[in-house]
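Colleague: So that we are looking at the same thing, I have put the structure below in structure tokens.
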Amino acid sequence: MKNVTITMDDAVAEWVRVEAAKRGSSVSRLLGEWLAEKMRQEDAYAQAMREALGFESWGVSTRPYLARPELLDR
């Protein structure tokens, strides 16, 4: 575990103290949990994006899409 120092507005500091007290936690632990959750969300999003961008179509076409009449003739 690493200790870090953060700077925040007084109103934000008061709010997070109240939130931590409501949850029976310390400010440090609450912020650490929030940041860990944010990291997991970002990692999940990045993984989904990599999978989506890695999707390969079933075939490759070297010509433009067929016009509707051409499709109906097939």
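Colleague: Go through the range 2-22 and count every residue that is surrounded by fewer than 10 Cβ atoms within 10 Å (Cβ to Cβ) and either acidic (Asp, Glu) or in contact with a Leu (Cβ under 7 Å, 6 or more places away or on another chain) (or both).
Modeller: The qualifying residues number 2.
Colleague: Let me ask something additional. Name the residue that is modelled with the lowest pLDDT, counting only residues in the range 20-72 that are among the hydroxyl-bearing types (Ser, Thr, Tyr) and farther than 28 Å from Asn3 by Cβ.
Modeller: Applying the filter and picking the extreme gives Ser57.
The values are calculated or read from the model by the stated rules, or taken from the named source; none is laboratory data. Values in this document were obtained by computation on a predicted structure and should not be read as measured data. Note: ideal-geometry Cβ built from the backbone for every residue, glycine included; neighbour counts use all protein chains shown.
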